[in-house]
Structures are given as structure tokens and as C-alpha cells.
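Novice: Take a look at this one; I'll ask things after.
Every read-out reported here was derived from the displayed coordinates using simple, explicitly stated rules and does not represent laboratory data. Model, not experiment: these values are computed from the prediction. As a convention, Cβ positions derive from the backbone with ideal geometry for all residues, glycine included, and neighbour counts pool all protein chains shown.
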Amino acid sequence: MTAPVRTHPSPAVAGRSSAELIRAEEPVLAHNYHPLPVVVARAEGAWVQDVEGRRYLDLLAGYSALNFGHRHPALTEAAHRQLDRLTLTSRAFHNDRLAEFAESLAELTGQEMVLPMNTGAEAVESAVKVARKWAYEVKGVPADRATIVVADGNFHGRTTTIVSFSTDPEARAGFGPFTPGFRVVPYNDLAALEAAVDGTTAAVLIEPVQGEAGVIIPDDGYLAGVRELTRRAGCLFVADEIQSGLGRTGRTLAVEHEGVVPDLVLLGKALGGGIVPVSAVVGRRDVLGVLRPGEHGSTFGGNPLAAAVGSAVVELLATGEFQRRAAELGVVLRDGLTELVGRGVVGFRARGLWAGVDIDPAFGTGRAIGELLLAEGVLVKDTHGSTIRIAPPLTITEDELRSALGALAKVLDRRA
Ligand SMILES: *Cc1c(COP(=O)(O)O)cnc(C)c1O
């Protein structure tokens, strides 16, 4: 699982080099990303290999879509088995994999009902629709008056409705007009949340840890406070666990750190095992139950291949092994980063095997540190200028994690 990738001649070497492939993208591929200059051709466990056969430790793990590492054998086996039997039916018919997926995911998350979708943004969109419908049909909010309260610094995806309540100018500029019905309050501020909630509020939608914002962890008591406040106000608590969930923080869900059960939980990323996009809204039956046939759907949502991979993901998580690893390796990560504070690291936030590390701007931007780490065989992604995010596969070994932290120390020492 975490065995090194064997170096072997890659077919692409005979074809085009990394540099040639990067140049080939430029005229033909939309420029909505600015990737680090590495062209990955193979991967296994926590390791990826570029077209020239150079190996790198992956400390991004597909923004936590690869919590179980690249090509976890149990997941690729489930996918291969399903590929040979049935891949797509659409929801016009039942398929023989969906019941098991929904049952096991509901059990894993302590919820009652599952709405399967594909991407994270679709899960968020679905929750927005469900919360509004619930507000009109159950809570009695006047037609078209429902509001949803969100936090600033949020990241919930890229659709027009979702960027309507983003506070990131880059995510919004040029994409209006925006969808109304959202109120933005400061994150980690219960008083502001309380002031924003009223009789029109369908839901409070927040990330239990804000990933894209730089792994922002709210104060102890915030999530429990949101739960208490929403219960009192008679609105839904929707937790976007698309990045924080499924083992990353040392628990199955990040809300478990405060013993909180939201009304709806949004899952994605790791739910697809790094193989196919799989997302879901899981929640209370009386909330998801507002949807009736024809009112919402997805051609690919709940397809048998996705359900087979999703079920295998749930099976891995049901053992508790990955949550335990995240918690244990999280201590190693925290200790390693603590040693770097004052040596190029200004500060960091960490929960489980997940950290946002603020680099002293005098040592370089997050991007510059990312490029130096790339040369040391370590892949990280910067976020917001001088912050880098560390989120390796939960299968990484302690030695591999220590060597990655050593590479960060080396890069920072050279810049001092
Ligand atoms: C990645 C992410 C999304 C969007 O998921 P996509 O699959 O990219 O659409 C939504 N919410 C959070 C918290 C995320 O990290």
C-alpha cells in the first residue's frame, strides 16, 4: 500500500517529456489552474511518479480525495469487479449496488437517509435545494423568502449559486448576477450567527474546519454552539464535510470532535476513493424526505460503479483504522511543525493529519516553498499567499511523514 513505486521506463518518456507535455497544454487547455510543474504518470500509496520516473511524496492527496492513498488495493479491486458486471443504469431503474451503499453510509455517519450525487458542488447545491424546500414545506417560510446563513472564508464549490455566497473576490469576479438568499457572517462567531438567524432561515451551512481558507479550526464549543443555536431557532445545521470528513481529522466526521450531529452532512472527495467522483447528502429522513420523484436528480448519481467504490470506502472507514492513523500521525505532524515555528514557519493549525502552515513571507510565498519542495521530491499545495496545506494520504507511514517534514525543514533552512 505504501511500498515505493518501482522506477521503470515510462511509455511517455519515449513520447513526450514533462516539459513538452506542459507546453502542449498551454494553447489547448483552459487556464483555470496554475499547477506545479510536475506531470504525474503513475502512483501508488503516498507516492506519485512523473513521466521521467522521478518519485514524489504526495502531501496534498487530491485535496483529501485520496485519503486512502493512490490505488488502494481494496478500492481498485472493488472498481475492477464492478467494471466487469455493471457500470451505469441511471436512476430510471434500480441497481443492485445502491441499497448497500446507502445503508452502510447512513450507518457510518449515524444518519438516516442518503442522497447520492457526484461532485462536492452538487452535494452542496442539493443541500441548498433540500433546505429551502424543507423551509417552505415544514417550517412554513413564505414562498421564495428562505435564507441560508454561511460563513466568510467559506469554500463550498464553484457553481454560480455557490460562488454567490463566496467571499473570495477571485471566485466571484465576472460571474454575476448571483443567486440571492444567502447571508454571510464571520466564521467562528456565534453572536454574529445568532444575529443573522431569523424566521426566514432555512439552514446554517458551514465547514467544521475551513480547508481551502487554510485549515481554519474554530474554537472549542463553536460547532456545539451552532448545533444548539440552530435547534433553538428551528433551522437546519448543514455541515460541509467534503474535505474535513472521512477520516482526515482523526474522526469519521470532524463534527465528532464536539459530539455534534448535524441535520445534513455533505460528503464527497474521499467518498470516491480517488477513483470516481462520488458525493452524497446524508441526513434526517424528515429533511431529505421532502424530495419527491422528479424534483431533483442526477444521471450519474448513485451509479453502480460509484456505489461499489463508495461501499468499499465505507468498509475501510468502518474498521476505524484510518481515523486512528490520522490521529496518531497527527501528533507526529504537530510535533514536526512545532519545531519549525520561528525557523520559517510563523504558525500553524492542525487537526488530525491535516495542517495549514503559515510561512514567514520573508522566506518566500507558499508557491515558492511548494516549488522548492517539489525539487526535494515532496508535493504540497499553497493556499492564500503564504500558507501551505499538508494533507497526506492517511496511509502514509511515520517514516515517510518524517522525511517530508525533514524536506520542509531543509527548504526553509536554505532560505533563512
Ligand atoms: C472540494 C470542496 C467542495 C467542492 O467539491 P468538488 O468535488 O470540487 O465540486 C465543497 N466543499 C468543500 C468543503 C470542499 O473542500
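Novice: Could you tell me whether the range 273-416 comes out rounded, prolate or oblate from its Cα gyration tensor? Rule is a ≥ b ≥ c as square roots of the eigenvalues, rounded for a/c under 1.5, then prolate if a/b exceeds b/c, otherwise oblate. Don't skip to the answer; put the middle values down first.
Specialist: Working: a/c = 2.60, a/b = 2.13, b/c = 1.22.
Prolate.
Novice: Still on this structure, I have one more. Could you line up TRP47, TRP354 from fewest to most neighbouring Cβ atoms inside 10 Å?
Specialist: On the way: TRP47 22, TRP354 27.
Neighbour counts put them in this order, fewest first: TRP47, TRP354.
Novice: Counting other Cβ atoms within 10 Å of each Cβ, which chymotrypsin sites (Phe, Trp or Tyr not before Pro) in the range 151-256 have at most 15 and sit in a DSSP loop? Please report the intermediate quantities before stating the final value.
Specialist: Details: sites: PHE155, PHE165, PHE175, PHE178, PHE182, TYR187, TYR222, PHE237; in loops: PHE155, PHE165, PHE175, PHE178, TYR187.
Passing both the DSSP loop test and the Cβ count: PHE175, PHE178.
Novice: Which net charge results for the neighbourhood of ASP335, defined as the other residues with beta-carbon distances under 12 angstrom from its beta-carbon, given Lys and Arg at +1 and Asp and Glu at -1? Before the final figure, lay out the partial values.
Specialist: Numbers: positive: ARG334, ARG402; negative: GLU328, GLU339, GLU398.
Charge balance in the 12 Å sphere: -1.
Novice: Quick one: grab the alpha carbon gyration tensor of the range 165-283, order the square roots of its eigenvalues as a ≥ b ≥ c, and give me rounded if a/c is under 1.5, else prolate or oblate depending on whether a/b is larger than b/c. Could you put the intermediate results ahead of the total?
Specialist: Working: a/c = 1.58, a/b = 1.10, b/c = 1.43.
In terms of gyration-tensor shape, oblate.
Novice: Here is a further query. Using the Cβ atoms and a cut-off under 12 Å, what net charge is assigned to the surroundings of ALA355, where Lys and Arg are +1 and Asp and Glu are -1?
Specialist: Charge balance near ALA355 sits at +3.
Novice: What is the sum of charges, Lys and Arg at +1 and Asp and Glu at -1, for the other residues whose Cβ falls under 14 Å from the Cβ of GLY181?
Specialist: Working: positive: LYS129, ARG132, LYS133, ARG145, ARG183; negative: GLU125, ASP144, ASP198.
Around GLY181, the surrounding residues sum to +2.
Novice: Can you run phi through the Karplus equation (6.51, -1.76, 1.60; θ = phi - 60°) for the range 272-281 and list ³J(HN,Hα) in whole Hz, with x for Gly and Pro?
Specialist: Result, ordered by residue: x, x, x, 10, 9, x, 9, 9, 7, 9 Hz.
Novice: Now, a different point. Taking the Cβ of each residue in SER298, SER311 as the centre, tally the other Cβ atoms inside 10 Å and list the residues starting with the fewest.
Specialist: On the way: SER298 17, SER311 21.
With the sparsest Cβ surroundings first, the list reads SER298, SER311.
Novice: If you rank HIS296, HIS70, HIS31, HIS80 by fewest surrounding Cβ atoms within 10 Å, what's the result? Let's see the in-between values first.
Specialist: Numbers: HIS296 16, HIS70 25, HIS31 7, HIS80 10.
The most exposed by this proxy come first: HIS31, HIS80, HIS296, HIS70.
Novice: Take each uninterrupted DSSP H stretch in the chain, measure its Cα extent along the helix axis, and return the ones at 27 Å or beyond whose mean Kyte-Doolittle hydropathy is at least -0.5.
Specialist: On the way: long enough: 321-340 (29 Å, -0.13).
Those that clear 27 Å and a mean of -0.5 are 321-340.
Novice: Another question, if that's okay. Would you calculate a helix-derived [θ] at 222 nm for the chain, using -39,500 (n - 2.57) for each DSSP H run of n ≥ 4 and dividing by the full residue count, to the nearest 500? Walk me through the numbers before you get to the answer.
Specialist: Details: 15 runs with 149 residues, N = 416.
One gets -10500 deg cm²/dmol as the mean residue ellipticity at 222 nm.
Novice: With the Cα gyration tensor of the range 210-257 giving a ≥ b ≥ c as the square roots of its eigenvalues, does the rule (a/c under 1.5 for rounded; else a/b larger than b/c for prolate; else oblate) give rounded, prolate or oblate? Numbers along the way, then the final one.
Specialist: Numbers: a/c = 1.94, a/b = 1.78, b/c = 1.09.
Prolate is the answer for the range 210-257, as a/c is 1.5 or above and a/b outweighs b/c.
Novice: Please check: in the Gaussian network model of the chain (C-alpha springs, under 10 Å), which one of ALA355, ALA404, ALA92 has the largest mean-square fluctuation.
Specialist: Among ALA355, ALA404, ALA92, the largest GNM mean-square fluctuation belongs to ALA92.
Novice: DSSP loop chymotrypsin sites (Phe, Trp or Tyr not before Pro) in the range 67-154 with at most 11 other Cβ atoms within 10 Å of their Cβ, which ones?
Specialist: Numbers: sites: PHE68, PHE93, PHE101, TRP134, TYR136; in loops: PHE68, PHE93.
Here the sparse-neighbourhood loop sites are PHE93.
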